[in-house]
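In what follows, a structure is listed as C-alpha cells, so that the remarks can point back to it.
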Amino acid sequence: MRQLDIAEVAQQSGVPASTLRFYDEKGLIASTGRRGLRRLFDPGVLERLALIALGRAAGFSLDEIARMFAPEGQPRIDRQLLAAKADELDRTIRKLSAMRDGLRHAAACPAPSHMECPTFQRIVRAAGAGGVGVGRKRVAKAPGS
C-alpha cells in the first residue's frame with residue numbers, strides 16, 4: 001500500500017500540515033516514517049482525520065477524541081460520552097433558540113423604546129442574573145454581597 005506524505009494528506013483531508021504535525025505529536029494520528037524531511041502516513045489516516053473532524057464539529061476536545069481510539073488505533077467510542085455531549089448540545093440549542101427569539105422580538109417590537117417593552121425588560125433581567133448567554137458561568141456570590 002502506497003504511503004502518503006504529509007503534503008498529500010493535507011491536500012486530500014483539508015487539514016493543514018501544521019495541524020497534522022500537532023495531531024501526530026499528540027498521538028491522535030501516527031506517521032509511519034519519513035521520506036526526506038516529510039512525514040509519511042498510511043492512507044487510513046484520512047478516515048481517522050474525518051473522525052477527528054466529526055468529533056471537533058460535535059464539540060469534543062482533542063483529549064476526549066484521543067480517548068475514543070483504542071491503543072491499536074481502532075475507534076472505541078464511549079456511548080455514554082456521546083449521550084452526554086448530545087445532552088449538552090440540547091442545552092446549547094435551547095439557550096441559542098431563546099437568544100434568537102429574544103433578538104427577533106427586539107427587532108420587531110412595536111414599543112417606542114426597547115426599555116418600555118416588558119419582554120425586552122425580562123431579557124435584560126435574565127442577562128443580568130446570568131440566565132442568558134451560551135457558556136456563561138454563574139458566579140456564586142459571597143455571603144453578604
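Structure summary
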| read-out | value |
| --- | --- |
| Probe 1.4 Å - accessible area at Asp101, Å² to nearest ten | 80 |
| Per residue accessible area in Å² of the chain, where ligands, DNA and RNA are left out and the probe is 1.4 Å | 70 |
| Most to least accessible of Val15, Val9, Val124 (protein chains only, probe 1.4 Å) | Val124, Val15, Val9 |
| Heavy-atom accessible surface of the chain: percent carbon and sulfur, 1.4 Å | 56 |
| Estimated FRET transfer efficiency (Gln11, Leu54; beta-carbon r; R0 25 Å; 0.05) | 0.80 |
| Calculated [θ] (222 nm, deg cm²/dmol) that DSSP helices of n ≥ 4 give over the chain, each run adding -39,500 (n - 2.57) | -17000 deg cm²/dmol |
| Largest-first principal axis extents of the Cα set of the chain (Å) | 69, 37, 28 |
| Convex hull volume of segment 23-85 per residue (C-alpha atoms, cubic angstrom) | 82 |
| With at most 16 neighbouring Cβ atoms within 10 Å, loop trypsin sites (Lys or Arg not before Pro) (DSSP) excluded, longest segment of the chain | 3-66 |
| Simple Cβ-charge dipole of the chain, Lys/Arg +1 and Asp/Glu -1, about Cα centre, in debye nearest 20 | 440 |
| Heavy atoms of Met68: accessible area, 1.4 Å probe, square angstrom to 10 | 20 |
| Overall Cα dimensions of segment 1-47, principal axis frame, Å, largest first | 23, 19, 16 |
| Rotationally averaged projected area of segment 56-136 (alpha carbon convex hull; nm²) | 6.8 |
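The values are calculated or read from the model by the stated rules, or taken from the named source; none is laboratory data. Remember, it's a predicted structure, so these values are computed and weren't measured experimentally. Please note: Cβ atoms are built from the backbone with ideal geometry, for glycine as well, and neighbour counts cover all protein chains shown. We work out accessible area using only protein heavy atoms, side chains counted, and drop any ligands, DNA or RNA first. Shrake-Rupley method; radii C 1.70, N 1.55, O 1.52, S 1.80 Å.
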